[in-house]
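Q: Below you'll find the structure I mean.
The values are calculated or read from the model by the stated rules, or taken from the named source; none is laboratory data. Here the structure is a predicted model, which means the values were calculated and not measured. Because the Cβ atoms are built from the backbone with ideal geometry, glycine has one as well, and the counts that use them run over all protein chains shown.
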Amino acid sequence: MAALHAQKPKITSQDQLPRYNYPLTGKVADVLTNDAAYAKLAAAVRADLEKLLADYDIADRATMQDVLGTLLALDVHDGRYDSALAHIATIRGLDEKPASQSPTPFFRRICGLQVANVQYPSNGFGANPESWVIL
């Protein structure tokens with residue numbers, strides 16, 4: 001019962017994070033050109049980062065933004081737009097500079113996406129993701 005109430009280890013700098021290794025077979029470029037190879041690596045990275053968030057109290061804002069930024073990129077690639085929006089909101093909330101909290105520049109900077117000539121709902125994502133342009 002005490003284990004349920006144990007405090008998570010507190011992370012105050014990126015140096016305190018556990019390190020992960022992802023063995024690859026074949027060429028590194030295959031991860032970028034082979035959907036199955038990418039999916040396998042992305043799933044492992046996502047699982048490790050989600051476990052990291054569950055198991056540690058990450059107090060360092062920059063470290064938390066880096067972790068969430070990686071999950072955001074994985075979400076956008078996987079079409080998990082609701083999760084991506086939640087990560088954007090959390091990352092923006094961690095930013096200490098109010099000017100950086102503007103959604104449009106932040107969205108473009110993090111995702112590298114630009115919505116071109118699309119009428120889109122208030123959630124910020126275009127109704128037709130195929131119309132998005134990668135910068």
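Q: Would you be able to say whether some residue in region 83-102 is surrounded by 12 or more Cβ atoms within 10 Å (Cβ to Cβ), over 16 Å from the mean Cα position of the chain (by Cα) and not small (Gly, Ala, Ser)?
A: Checked against the condition, which is being surrounded by 12 or more Cβ atoms within 10 Å (Cβ to Cβ), over 16 Å from the mean Cα position of the chain (by Cα) and not small (Gly, Ala, Ser), region 83-102 yields at least one hit.
Q: Out of the residues in region 40-73 that are among the charged types (D, E, K, R) and not in a helix (DSSP H, G or I), state the one that is nearest to residue 7 (Cα to Cα).
A: Selected residue: 57.
Q: To continue, here is another question. Being at pLDDT 90 or above and among the hydroxyl-bearing types (Ser, Thr, Tyr) is the filter; apply it to region 55-82 and report the residue that is surrounded by the most Cβ atoms within 10 Å (Cβ to Cβ).
A: 63
Q: Applying the selection to region 23-38, what residues are surrounded by fewer than 12 Cβ atoms within 10 Å (Cβ to Cβ), polar (S, T, N, Q) and either in contact with a Cys (Cβ under 6 Å, 6 or more places away or on another chain) or not in a helix (DSSP H, G or I) (or both)?
A: Passing the criteria: only 25.
Q: If you don't mind, another one. Return only the number of the condition from (1) part of a loop (DSSP other than H, G, I, E, B); (2) in contact (Cβ under 8 Å) with a residue 40 or more places away in the chain; (3) within 18 Å of the chain's Cα centre (by Cα) that residue 8 does not satisfy.
A: (3)
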